[in-house]
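*Asks:* First, the structure itself, so that you have it in front of you.
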Amino acid sequence: MTTLLPVAGAAQIRQAAVNEIRTDRKAFAAVLVLNALAVGVGLVGPWLLGKIVDAVGKSPARDAVGTVDRLALVILVCTVAQIVLTRCARYVGYRFGERTAARIRERFLDRVLALPAAVAERTSAGDLIARGTTDAPTIAFALRTAAPDVFVAVIQATFIIGAVVVLNPVLGLSSLSCLLVATIAVRWYLRRSSAAYRTEAASGSQLAEALATSVAGARTIEALGLAEMHSMTTASSIDTARRARLATLRLRSVLFPALDVSYVLPLVAVLLIGGVLHNRDAVSLGTVVAAAVYLRQLVGPLDTVMLWVDGVQSAIASYARLEGLSSTPTVRQAISAEPADNRIRIIDVSYAYDHGRDVLHGVELDIEPGERLAVVGTSGAGKSTLARLLAGIDTPRTGSIHVGGVPISGLDADRLRHHVALVTQDQHVFHDTVRGNLLIARPDATDAQIRSALAAVGADWVDDLPDDLDTHLDGTGHRLDAAQAQQLSLARVVLADPHTVVLDEATAQMDPTSARNTERALAVVLEGRTVIAIAHRLQTAHDADRVAVMAAGRIIELGTHDDLIAREGTYAALWHSWHGEKRTAT
């Protein structure tokens, strides 16, 4: 069962944003100062224009020309200064945005890599894909483009409104009253947009999950005749995403017309009221002109804010989704004690997935160092669950699993992997060279050690690669089949060199001959190590020191292959059934 990762709340988002500013406070302060200076210089022009109008109306023509020239020169200087300061402010703002975006992306990656294996495996792949490939770029784009523009626009709007009020309180208050339309429209929008954009982002995750599972399981879907049903499920996800996008579109279709009206009303109010006051000699014509020019300038920053309001809301929703990972537990309670030896003890272990019914019931087992134990049983018997507990991925509901007298759940991930490694039938080949794929397990490994590990698992196909260990394994380079990919995974285990290896049907994707060859090679390489093999081919059990037979979450038989055959119990029945089918196939 897959689950979605948490989403940060409003308080968590605010705190995270404050932390971003604190991290680069000097750049943020520089952005504030430069923008304030740019806007302040820009306010001089309309004020001087009003002075020019008054000078022309009151002074003689000869005197007025000189005054106009002087004031026009000042306006020119202020305009140039505003351009320079604005360019500097944007440069500093863009750099601040890029650095912040880089930190957010790096923090997201660190948090994903720090997720406990159990959480990562149960997390929706589509959710992680959407957060990494959609939400992170959305935030980066907003910080690079939208945030500086909106920030400058907000400062400009604040200064312009303040300038109109200072110029003439009556005209300023009359224009502000007309902006109530915009205020009401924005408040209406903001109350609804946050939830709407989060729903849109979540629907994108669900759609990504549906597409990812369709691609990954295409052959299975086709083989089981589930194409039509899966198409309906995918179509439902597409429809949900479409409806979520339409919901945000409806919000914008109400907001933008209201804002268009609100832009015109303040200018109309200033011209009408200013005209009345000028006729009564309560205000000069230059003051009315200056106020009108200021309010005409107000349209620019308000337009910018409204242009990016959609992008900002989307970025906030994406930021909440990325910051939500901080609410996921990532660190286990580690203990300092070191295991005394390599002995593994399973003591009265019970386990249930997601607080459901127990799938393991009171499992007891002692595994000696260097022992080769095969765990067999029918599907659903609890074999893989036991393997996950042994590898420390999950923690028992009751009971405990010890290695060298220390609970496995008390070891941090790095120390645990030094002792126990789990290899499943699922494997991953990174878009890197053969060498790069193997150095993940042991960064200081030499080429000789890498070749030795590959030879140990029978990966002789490496010798035929065009660039040997430097061959790229990706869509544009060499593509490995399932058996080769699993051999690469097993070679990582050889390099990691743990004292206990849990093989959960690790050779299931290989053909019988390759699987047998790999198992024989591993038997030599893992000599002296503890090997716990979750076996679906009973030949693995035949070669083991002991065999544990599981059914309904319990170990019902335990002993050597010969002993269990002699008992004529469950294992004997499985062996005869498998052996008979093998002979028939032969």
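*Asks:* Given the options 138, 188, 92, identify the residue whose Cα lies farthest towards the positive end of the charge dipole of segment 88-244 (+1 on Cβ of Lys, Arg; -1 on Cβ of Asp, Glu).
*Replies:* It is 92.
*Asks:* Jot down the radius of gyration and Dmax of the chain, Cα atoms only, both in angstrom.
*Replies:* 34.9, 124
*Asks:* With +1 on each Lys and Arg Cβ and -1 on each Asp and Glu Cβ, how big is the dipole of segment 344-585 about its Cα centre, in debye rounded to the nearest 20? Don't jump to the answer; show the numbers that get you there.
*Replies:* Details: 22 positive and 35 negative charges, 115 e Å.
Roughly 560 debye, rounded to the nearest 20.
*Asks:* Using Cα pairs closer than 8 Å and at least 6 residues apart in sequence, work out the relative contact order for the chain, in percent.
*Replies:* On the way: 841 pairs, mean separation 88.5, N = 586.
Relative contact order of the chain: 15 percent.
*Asks:* Would you kindly derive the ³J(HN,Hα) couplings of segment 491-503 from the backbone phi angles with the Karplus curve 6.51 cos²θ - 1.76 cosθ + 1.60 (θ = phi - 60°), listing them in order in whole Hz, with x for Gly and Pro?
*Replies:* Using θ = phi - 60°, the values come out as 5, 4, 5, 4, 5, 5, 6, x, 7, 10, 10, 9, 9 Hz.
*Asks:* Give me a comma-separated list of calculated 3J(HN,Hα) values for segment 346-351, in order, Karplus coefficients 6.51, -1.76, 1.60 applied at θ = phi - 60°, integers in Hz, x for any Gly or Pro.
*Replies:* 9, 10, 6, 8, 10, 8
*Asks:* What's the exposure ranking of 96, 28, going from fewest to most Cβ atoms within 10 Å?
*Replies:* On the way: 96 23, 28 18.
Placing the least packed residue first, the sequence is 28, 96.
*Asks:* Next question, about the same structure. What distance in nm separates the simple spin-label points at residue 158 and residue 36, each placed 7 Å from Cα in the Cβ direction?
*Replies:* In this crude label model, residue 158 to residue 36 measures out at 0.9 nm.
*Asks:* Calculate the length of the line joining the C-alpha centroid of segment 478-502 to that of segment 374-431, in whole Å.
*Replies:* 17
*Asks:* To continue, here is another question. Which whole-number percentage describes the relative contact order of segment 344-585, with Cα contacts under 8 Å and a sequence gap of 6 or more? Each step should come with its number before you reach the end.
*Replies:* Values: 431 pairs, mean separation 66.2, N = 242.
Here the relative contact order equals 27 percent.
*Asks:* Something else about it: For the chain, find the longest principal axis of its Cα atoms and tell me its angle to the long axis of helix 180-216, 0 to 90°, nearest 10.
*Replies:* Computed tilt is about 20 degrees.
*Asks:* Ok, one more. Taking neighbour Cβ counts within 10 Å as the exposure measure, how do 444, 54 sort from fewest upward? List each step's numbers first, then the result.
*Replies:* Working: 444 7, 54 18.
Final ranking by Cβ density, sparse to dense: 444, 54.
*Asks:* Now a separate question. Once amide H atoms are placed 1.01 Å from N in the peptide plane, what residues at a sequence separation of 5 or more from residue 352, or on another chain, have their amide H within under 5 Å of its amide H?
*Replies:* Hits under the 5 Å cutoff: 359, 397.
*Asks:* What order, most packed first, do the peptides 385-391, 9-15 have when packing is the mean number of other Cβ atoms within 10 Å of each residue?
*Replies:* Numbers: 385-391: 23.9, 9-15: 12.7.
Order by mean packing, descending: 385-391, 9-15.
*Asks:* Per residue Cα convex hull volume for segment 273-401, in cubic angstrom? Write out the running numbers ahead of the final one.
*Replies:* Values: hull volume 33.4 nm³, N = 129.
Convex hull volume per residue, Cα atoms: 259 Å³.
*Asks:* Counting DSSP beta bridges with both partners in segment 344-585, what percentage is antiparallel, nearest 5? List each step's numbers first, then the result.
*Replies:* Details: 20 of 39 bridges.
Within segment 344-585, antiparallel bridges account for around 50 percent of the total.
*Asks:* Moving to a separate point now. Can you classify segment 98-137 as rounded, prolate or oblate using the Cα gyration tensor, where a ≥ b ≥ c are the square roots of its eigenvalues, rounded means a/c under 1.5, and otherwise it's prolate if a/b beats b/c and oblate if not?
*Replies:* Judged from the Cα gyration tensor, segment 98-137 comes out oblate (a/c at least 1.5, b/c at or above a/b).
*Asks:* Taking 45 Å as R0, compute the FRET efficiency from the Cβ-Cβ separation of residue 94 and residue 338 and round it to 0.05.
*Replies:* Values: r = 51 Å, r/R0 = 1.12.
Taking R0 as 45 Å, the efficiency between residue 94 and residue 338 is 0.35.
*Asks:* Show me, for segment 126-133, the HN-Hα J-couplings you get by feeding each phi into the Karplus relation (A = 6.51, B = -1.76, C = 1.60, θ = phi - 60°), rounded to Hz, glycine and proline as x.
*Replies:* Those phi angles translate into x, 5, 5, 4, 5, 5, x, 9 Hz.
*Asks:* Using every alpha carbon pair in segment 116-238, what percent of pairs falls into each 5 Å bin from 0 up to the bin containing the largest distance?
*Replies:* Each 5 Å bin holds this share of Cα pairs: 2, 9, 10, 12, 14, 11, 9, 8, 7, 6, 5, 4, 3, 2, 1, 0.
*Asks:* If I fit a long axis through the Cα atoms of helix 447-456 and take the longest principal axis of the Cα atoms of the chain, what angle between them do I get, 0 to 90°, rounded to 10?
*Replies:* Roughly 50 degrees between the two axes.
*Asks:* Taking N as the number of residues in segment 344-585, what is its alpha-carbon radius of gyration divided by 2.2 N^0.38 Å? Walk me through the numbers before you get to the answer.
*Replies:* Values: Rg = 18.5 Å, N = 242, 2.2 N^0.38 = 17.7 Å.
For segment 344-585, the normalised Cα radius of gyration comes out at 1.04.
*Asks:* Just rank 358, 149, 281, fewest to most, by other beta-carbon atoms within 10 angstrom.
*Replies:* With the sparsest Cβ surroundings first, the list reads 281, 358, 149.
*Asks:* What is the helix-to-structure angle for 25-42, meaning the angle in degrees between its Cα long axis and the longest Cα principal axis of the chain, kept from 0 to 90 and rounded to the nearest 10?
*Replies:* Between helix and principal axis, roughly 20 degrees.
*Asks:* Right, another one. Using 0.36 nm per residue, how much length does the chain from residue 15 to residue 347 gain when fully extended, once their Cα-Cα distance is taken away?
*Replies:* Working: separation 332, 0.36 × 332 = 119.52 nm, distance 4.42 nm.
Here the segment from residue 15 to residue 347 would lengthen by 115.1 nm.
*Asks:* Another question about this same structure. Quick one: if you stick a label point 7 Å off each Cα along the C-beta vector at residue 545 and residue 328, how many nm between them?
*Replies:* Reported label-point gap for residue 545 and residue 328 is 3.8 nm.
*Asks:* Which FRET efficiency value, to the nearest 0.05, do you get for residue 398 and residue 188 by plugging their Cβ-Cβ distance into 1/(1 + (r/R0)^6) with R0 = 60 Å?
*Replies:* 0.65
*Asks:* Still on this structure, I have one more. Just to confirm my numbers, what's the Cα centroid distance between segment 337-356 and segment 29-46 in Å?
*Replies:* 64
*Asks:* Now for a separate question. Residue farthest toward the positive end of the dipole of the chain, with Cβ of Lys/Arg at +1 and Asp/Glu at -1: which of 431, 175, 128?
*Replies:* The residue sitting farthest along the positive end of the dipole is 175.
*Asks:* Another question, then. Quick check: residue separation of residue 355 and residue 280 times 0.36 nm, minus the Cα distance between them. What number comes out in nm?
*Replies:* Working: separation 75, 0.36 × 75 = 27.00 nm, distance 7.97 nm.
So the extension gain works out to 19.0 nm.
Bear in mind that the values in this text are calculations on the coordinates, not laboratory data. In this text the structure is predicted, and so the values were computed from the model without any measurement. Ideal geometry is used to build each Cβ from the backbone, glycine not excepted, and the neighbour counts take in all protein chains shown.
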